[in-house]
Amino acid sequence: MYFGACYYPEHWPEERWEQDAQMMKAAGFNIVRMAEFAWAKMEPEEGVYDFDWLERAIEIMEKQGIQVMLGTPTPGPPKWIYDRHPDVYQQDIYGRNRGFGARRHYCFNNKNFHHYTKAIVTRMAERFSNHPNVIGWQIDNEFGVIDTTRCYCDHCKAEFKLWLKRKYKSIDAVNEAWGTIFSSQTYTAWDQIHLPVYAVHQMHNPGMLLDFYRFSSDSVRAYQKIHVDILKAVTPSHKVTHNEMGTFNQIDYYDLSADLDIVSLDIYPSMRPAPENAINSALQHDLSRGFKMANYWVTEHQSGTPGANVMFPTPKPGELRRWTYQSIAHGADAIIYFRWRTITFALEEYWHGILQHHGQPGRKYREVQQVGAELAKLADTLEGSTPAAKVAMVRCFDNEWTFDIQPHVREYSYMGHFQHYYQYFFENGIPVDLISPESDLSRYDLVVIPNLIMAQDETVERIYDYVKNGGRAIMDYRAGAKEWDNRMAATKLPGKYRELLGIEIEDYGIIEKSALNGLQASSGGETAQATTWYDVVELNEAEPLASFTEDYYAGSAAATSNRYGSGIAYYFATQPDQNGLSQLMDGICSEAGVETLLPGIPKGIEVAHRQRGSERILFLINHTLESREINLPDAYLDLLNEQEVSGRVTLKGNDVLVLRKQG
């Protein structure tokens, strides 16, 4: 288990470095992340390199037994590059340069910038390839953050044309895929292709927009590959990662992660409103584990009050510890807090770290020190363990982009809909893997596939085979409505899934917030609410699980089940409110044999686990400020307090239990 912080020696007098390293050691740190924003100090002018200061900082850490992960410094290119090559700047949809003054203002497709990237990464890797205290690399920093994935400059325009040529081969195929006969938008030559820059109402062809989103994501991956290839050639024994951002959706993280040794996550829970922050941060952890279906690192973990011009809520005593254990429970094998000390100047002077501006130890330092001592106890137990799940949810970036382009309903969010399902599993203590459409489904008892409006033929076949062979799949509204190129399917819905789901859809529409419909389960129980969308379902082989209670489609099925082969395919024709979803999911999970990690979980308590062979490590995390009573059905060893616990136990507010079953 790695435990440490992001450290920026270039921000502080060199005579302070030794003191910082000693304090880090006293807190139990064994790793720091450095240098991802230090390009101007490492190459103050073209071809003039200075790594001596960085090596001195690394050696100071080495004396305290603290290893170093270095960042390639490309998120903050020095001003001399832009002065020499102004075309490196990104351009927005209005054709304006996104100028110097913050970070991430370079174009991923600019060949001049590629040249400088290769130079600094190569020289840096060569300098530290054999340093015994350098264990790995973080590439760049948070690709795409602050809306920087998509650039609209001439370099991107030229690369977009090449990307389209490789994909479609002919301009006629582009016209067919995009349906450019509409509004006389037909292209007759490749040179006529443009980018989706500012237009009337900013409305562009949805097929074009989806291809541009895919192209932009591919451009980020190609730029990352420049770093990966150099680092793997020069420092083959070092681990390579990039700090991704969980629910961020401008880059296909499955693709981006494929070239990395380890996925990393940057997580700031208090930037989400309570109590949703606990659910959302858990979601980001599980997403990160799903990008490579493996444990991951947290390379920026909130340690203080975030903020630039305005500030978010300050973590209360115990919160840093609580969030740290949530990260570990979901599969994090490294916790690197951001940041060690709050900077006294520039853009992030309000983005607080473990130490306040004055640099003296305070309550956050003491809390981190407590976690360090606890993790030293747990390290051997956690080694080689990982979360395990029998339930999966499928996240598809292409579908998410399609709903970004055409959300159907005002204020609709694919990820918001996705989290609606996730909340059910979170609140019921049911572990869940968050996976790609290309993943193997056969290992799961239940798979939820939200908003699968588009799918490649291989994915459709995979879903059919999974259910046919005994699996249980939940699909919902808009499934099968579009082809992979973002054109509407010219078939009766649910299109390719009609046989699987045993239904047809005659009509559909939105449900506005001011006119919610009622939802009644076929088994009885209290009436719930149907929100967002309705399908008017015609039952073929399927059976109804719930029905709408109002409007012209009152009495029609709002949820169905259909036996297909040895399995069952479910369909939700609406988005039930949380009460309605719980009623449906309780029955489905019971039939599928899906079990909670711990029965009778009080509200506000998260239950998660890691497993190694037959050994299960159970985490109980109190996300409230009040004590909660928990009933343990078996005897456990409390690993933090080294004592046996059983029966009714009290978990204080912001507190954590880490348990291993006895016997």
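The values are calculated or read from the model by the stated rules, or taken from the named source; none is laboratory data. Computed from a predicted model, the values in this text were never measured in an experiment. All Cβ positions, even for glycine, are placed from backbone atoms using ideal geometry, and neighbour counts span all protein chains on display.
Of the helices (runs of 4 or more DSSP H) entirely within region 355-430, those holding at least 2 residues that are within 25 Å of the chain's Cα centre (by Cα) and within 25 Å of LEU516 (Cβ to Cβ) occupy 397-405, 414-427. Within region 258-282, the set of residues being out of contact with any helix residue (DSSP H, G or I) (no Cβ under 6 Å at 6 or more places or on another chain), modelled with pLDDT of 95 or more and more than 17 Å from GLU244 (Cα to Cα) comprises just one member, ALA278. In region 17-35, the residues that are closer than 23 Å to PHE51 by Cβ and in a helix (DSSP H, G or I) form no Cβ pair under 6 Å with any partner that is hydrophobic (A, V, I, L, M, F, W, C) and modelled with pLDDT under 95, whether six or more places apart or across chains. Scanning region 403-462 for residues that are crowded, with 21+ Cβ neighbours inside 10 Å, over 22 Å from LEU584 (Cβ atoms) and in contact with a strand residue (DSSP E or B) (Cβ under 8 Å, 6 or more places away or on another chain) yields PRO437, MET454. Picking from residues in region 99-124 that are among the charged types (D, E, K, R) and at pLDDT below 95, the one that is nearest to SER219 (Cα to Cα) is ARG104. Hey, any hits in region 265-272 for a residue that's among the aromatic types (Phe, Trp, Tyr), part of a helix (DSSP H, G or I) and touching a residue at least 12 places away in the same chain (Cβ under 8 Å)? Scanning region 265-272, I find no residue that is among the aromatic types (Phe, Trp, Tyr), part of a helix (DSSP H, G or I) and touching a residue at least 12 places away in the same chain (Cβ under 8 Å), so the answer is no. Checking the structure you have, find out if any residue of region 309-320 is assigned to a strand (DSSP E or B), assigned by TED's automatic domain parsing to the domain that holds GLY144, in contact with a strand residue (DSSP E or B) (Cβ under 9 Å, 6 or more places away or on another chain) and of a type in the set (D, E, K, R). No: region 309-320 contains no residue that is assigned to a strand (DSSP E or B), assigned by TED's automatic domain parsing to the domain that holds GLY144, in contact with a strand residue (DSSP E or B) (Cβ under 9 Å, 6 or more places away or on another chain) and of a type in the set (D, E, K, R).
The single residue among GLU300, GLU348 that is out of contact with any Cys (no Cβ under 7 Å at 6 or more places or on another chain) and either at pLDDT 95 or above or not in a helix (DSSP H, G or I) (or both) turns out to be GLU348. Can we say THR624 is buried (at least 17 other Cβ atoms within 10 Å of the Cβ) and either under 25 Å from PRO315 (Cα atoms) or not assigned by TED's automatic domain parsing to the domain that holds GLU427 (or both)? In short, yes.
Scanning region 321-339 for residues that are part of a strand (DSSP E or B) and among the aliphatic types (A, V, I, L, M) turns up ALA332, ALA334, ILE335, ILE336. Which residue is nearest to the chain's Cα centre (by Cα), if the candidates are limited to region 560-583 and must be farther than 10 Å from ILE474 by Cα and assigned to a strand (DSSP E or B)? Selected residue: GLN575.
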